[in-house]
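Report on one structure; see the data block that follows.
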Amino acid sequence: MITSKDLPDIIPVFPLPGALLLPRSRLPLHLFEPRYLAMLDDVLKTPSRLIGMVQPYEAPGSEKKLHTIGCAGKLTAFSETEDGRYMITLSGASRFRIVEEVDGFTPYRRCKVNWQGFDRDLGPAEKDHGFDRTRFMEALGRYLKDQGLATDWESLSEADDELLINSLSTLCPFDAEDKQALLEAPSLSTRRETLMTLIEFSLRGGNGEEVMQ
């Protein structure tokens, strides 16, 4: 288990639009670009084996910028394909705040990061005491049908609050900015509220009030 003492000041970052990693969740990734294969090789040599997942965004007249808040995952599984690609799994460790990008000779991006303010990420699974699961599951069922998506309802019904909310936050086809809002939610309850708002907004066909205030 990762503790605050295991969190380095500088980590490699993987900017990937729409890919959401949350604490205590898992994210499978497919690596094939040479720069990220080099990143994997370097990460395997570090004690923490951490990679920071960050949402990029387009800034006018410049290269892709990075959102300030991302989530670091520990490399917990990897396998090589016959043609030299890698399938890896990151296990969410803690969110972080980017202080600055670090110049260097690596082909991938690295950042100096601050871990303060995300202490609960390293603790036990969160509970959502205000969770109206019946109302939520009814809205989810309509959303999945509307999106033409299938799911394992038995597994969903048996999942605990955090696993259910975080898994849906990761898997539902929201856009990158919505994924960022889910990542930045300060607690499981606020993430569930954000998720419910996004589901209801989608069911209204994207019309009506703005999702985020």
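The values are calculated or read from the model by the stated rules, or taken from the named source; none is laboratory data. Computed from a prediction, not measured in an experiment: that's the story for all the values here. Methodologically, a virtual Cβ is constructed for each residue, glycine included, from the backbone with ideal geometry; neighbour enumeration extends over all protein chains shown.
Some values worked out for this structure:
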{"quantity": "Selection within the range 92-113 - more than 12 Å from Ile10 (Cβ to Cβ), touching a Ser or Thr at 6+ places or on another chain (Cβ under 9 Å) and surrounded by fewer than 19 Cβ atoms within 10 Å (Cβ to Cβ)", "calculated": "Arg97"}
{"quantity": "Residue that is over 25 Å from Asp178 (Cβ atoms), of a type outside the set (Gly, Ala, Ser) and touching a strand residue (DSSP E or B) at 6+ places or on another chain (Cβ under 6 Å), where the choices are Met53, Met39", "calculated": "Met39"}
{"quantity": "Close pairs (6 angstrom Cβ cut-off, 6 or more residues apart or separate chains): at positive phi in the range 9-34, in a strand (DSSP E or B) anywhere", "calculated": "Arg24/Gly92"}
{"quantity": "Enumeration of residues in the range 153-199 that are outside any helix (DSSP H, G or I) and closer than 25 Å to Gly52 by Cα", "calculated": "Cys172, Pro173, Phe174, Asp175, Ala185, Pro186, Ser187"}
{"quantity": "Test: residue in the range 4-14 that is within 23 Å of Gly123 (Cα to Cα), more than 13 Å from the chain's Cα centre (by Cα), exposed (fewer than 11 other Cβ atoms within 10 Å of the Cβ) and at pLDDT below 95", "calculated": "yes"}
{"quantity": "Single residue of the range 125-169 satisfying the filter (among the hydroxyl-bearing types (Ser, Thr, Tyr) and more than 22 Å from the chain's Cα centre (by Cα)) that is farthest from Gly18 (Cα to Cα)", "calculated": "Thr134"}
{"quantity": "Qualifying residue in the range 138-154 (condition: of a type in the set (Gly, Ala, Ser), at positive phi and not assigned by TED's automatic domain parsing to the domain that holds Leu40)", "calculated": "yes"}
{"quantity": "The range 57-67 - residue that is out of contact with any helix residue (DSSP H, G or I) (no Cβ under 8 Å at 6 or more places or on another chain) and surrounded by 13 or more Cβ atoms within 10 Å (Cβ to Cβ) and, of those, modelled with the highest pLDDT", "calculated": "Leu66"}
{"quantity": "Criterion violated by Gln116 - all others in (1) modelled with pLDDT under 95; (2) surrounded by fewer than 13 Cβ atoms within 10 Å (Cβ to Cβ) satisfied", "calculated": "(1)"}
